[in-house]
Structure formats: C-alpha cells, structure tokens
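Everything below concerns the one structure shown next.
The values are calculated or read from the model by the stated rules, or taken from the named source; none is laboratory data. Note that this is a predicted model, so its numbers are computed, not measured. As a convention, Cβ positions derive from the backbone with ideal geometry for all residues, glycine included, and neighbour counts pool all protein chains shown. Ligands, DNA and RNA are stripped out before the accessible areas are found, and what is left, the full protein with its side chains, is counted by its heavy atoms. Shrake-Rupley method; radii C 1.70, N 1.55, O 1.52, S 1.80 Å.
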Amino acid sequence: MGFPDKRMRRLRRTETLRRMVRETRLSVDNLIYPMFACPGNNVRTPIGAMPGQFQLSVDQIVKDAEVFVKDGVPAVILFGIPEKKDALGTEAFNDKAPVQQAVRALKKAFGHDLVVITDVCMCEYTDHGHCGMLDGHEVLNDATLELLAKEALSHVRAGADMVAPSDMMDGRIAFIRQELDEGGFENIPIMAYAAKQASVFYGPFREAAESAPKFGDRKSYQMDPANAREAMIEMALDEEEGADILMVKPAGSCLDLIRMARDEFDLPLAAYQVSGEYSMIKAAAERGWLDHDRAIMESLLAIRRAGADMILTYFAPHVAKLLGGR
Ligand code: PBG
C-alpha cells in the first residue's frame, strides 16, 4: 500500500460528489424572522446598527411579509416598540399596541401560511429598560411573572400562534403555561428562551427595540456566558415546566451549548443568531472584508450542524431568496 492510504479528497473532487456526501443542510423551513413593530402608518425607520433592518409600522410588516412568505419563510417573531413606557411596562399588555395589531394583521393576511410568534418580555415596555418589575434596583422575580402572563395572554388573544418568553425570570414557563391553559389557550405552544446569556452581542438589538437598561446590566437574570452545565439546568427546568421548544441564545458563540442541548433533550431546539452576529457580518461585508452571502450561509450552516432545528435570524428573508424558496 502506498501512502496515503486514506484519501479524503476523493469525495471532494466535484460539486456533485460533494452534494452527495453533504451531512448538514439549511432549508427555508428552518428560519424564523425577527421583526420590530412600531406605531403609526407607512413607517420604516432604519436601525442604524443593523443595516437592512427597520422598525416597521403594521402595514409595512404585512407588506414585507408578502414577499418572504411567498419565498417560504414559515415564521416571524415580533418585538414591539410602544407609544409610551412606564415603570410596569403596561403597554406590553395593551390589546391595541403595535405587536397585538401586527399579530392580527398578519393572521388576517396569511392565516396558516405564517406562524406568528411573539417575544414575551418587559424590557421594551419599561421606562427603566429592565426585563421585570423593580424594587429599587432589584428586578423582582415573582411579581414579574404576573406581568409576563398578562402580556402572553394579550398576544394570544390577538391571535399569536406561539409565545416566546425571553425575560429569564425563574418559573415563568410554568406560570405562563398555567395562565394560557386557564384562558382556554392550551393548544398554544411556548418557545422558551431557555439558555439565554447576558451577552454583549445584543447591543444592536437594544437600539432596534429601544430597550437598553437605564442602570446596571442584566446579569442578575440572564446567564453568565461562562456556564455550560448551568445552561443545561435552565433547559431541563424549562422542559419540566412545559416548554414545547427550547432555545439557546446567542447562537454563534454558543455552538457547544447547542450541541450539548441536542444530545441531552429531545424537544425541538432553536438557536438565535442575534443582532450582534448579524451586524458583524454586515459590517465586515460592507468593508469588503468578507463575502456577504457566503458568510451568512456558513454561519447558519454551523448552527445547524451544532444541532439546532430552527434558527431565528435577521437574514431570513435574504436567505430564503438565496435558497430559492422551498
Ligand atoms: C428581550 C430580548 C432581547 C433579545 C431578544 N429578546 C434583548 C435583551 O435581552 O437585552 C436580543 C435579540 C438580539 O440581539 O437580536 N429581553
């Protein structure tokens, strides 16, 4: 036998061969598109730190959705920019606020062709920017659960197909599950932001959602990025409490956690390619330092290979075009 014996390059010679042995695929079915609903009509306010993304009034959300639903994107997740903010974030459960209106409009326009998920959290609605109710500078856990449940109920009453709590209070999945069941919404699934880190990569989002905390940071409720075993405990708790889908967030800096979660849990697994991951690729591509489309596809493929079934990504409409639909 001559050296080398094992020639790995034999199956890399042509694109057709490579296509046959490819282990991981990205499909438009895997994508969930995050959108920012704002008040008004005919509003498209560009988000400076996220080129190509906008705060959109309800009519514009429906207009954009006409394109990406046709291109096969199966789901959106909605964030809200309220008219006004207060200490308790009461606009979060105002049935006429932008998210609730966007839900109604999208369900009316697309019916079962689009799954409408809503992000359930207080930080976009509180004047202090924290994800829950305050006592001094302390974010209260159990009192916040009541607010979150009211918000989730308001979203599903508007017609949301799924709710996604992202606040990281303890016990919120069980609490929201019970409130939904009692409200007659036992068929509405919960996607839990289960392992959500206190990450620097949410920076651009806070401009998009106008939700930066006015003091301190989120480290007393979001996870320390150093901890992997703790992430698995968070996921086990959310599963026990009744989550239907588990999420790891961010995605790109947590590929190990995605793999661990895939190996440990059988629930569908989502990963959130967050604003900072989007903006890094955009910025590098704008400078000509990275190939825009290839960087997107490789980053998403890596998240799939790590084990995510679904990916929340701001690239969703663009990727749907690149993939050529379903
Ligand atoms: C709300 C929430 C945030 C994100 C999703 N839901 C911001 C935060 O926790 O500060 C971040 C999404 C992104 O960066 O794209 N709590």
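Go over the candidates G159, G216, G171, G183 one by one and state the one that is open to solvent by 10 Å² or more (accessible area, probe 1.4 Å) and within 16 Å of the ligand (Cβ to nearest atom).
G216
Name the residue, out of A198, A192, A261, A251, that is in contact (Cβ under 8 Å) with a residue 60 or more places away in the chain and within 13 Å of the ligand (Cβ to nearest atom).
Answer to the selection: A251.
Which of the residues that make up the range 196-214 are outside any loop (DSSP other than H, G, I, E, B) and not hydroxyl-bearing (S, T, Y)?
Selection gives K196, Q197, V200, F201, G203, P204, F205, R206, E207, A208.
State whether the residues of the range 227-234 include one that is touching a residue at least 24 places away in the same chain (Cβ under 8 Å), surrounded by fewer than 18 Cβ atoms within 10 Å (Cβ to Cβ), over 17 Å from S299 (Cβ atoms) and among the small types (G, A, S).
yes
From the set of residues in the range 235-256 that are hydrophobic (A, V, I, L, M, F, W, C), open to solvent by 10 Å² or more (accessible area, probe 1.4 Å) and part of a helix (DSSP H, G or I), which is nearest to V200 (Cα to Cα)?
By that ranking, first place goes to L255.
Name the pairs: first residue in the range 59-70 and of a type outside the set (K, R), second residue in a helix (DSSP H, G or I) and open to solvent by 80 Å² or more (accessible area, probe 1.4 Å), Cβ to Cβ under 6 Å, at least 6 apart or on different chains?
V69/D113
Taking into account only those residues within the range 22-78 that are among the charged types (D, E, K, R) and open to solvent by less than 60 Å² (accessible area, probe 1.4 Å), which is nearest to D95 (Cα to Cα)?
D59
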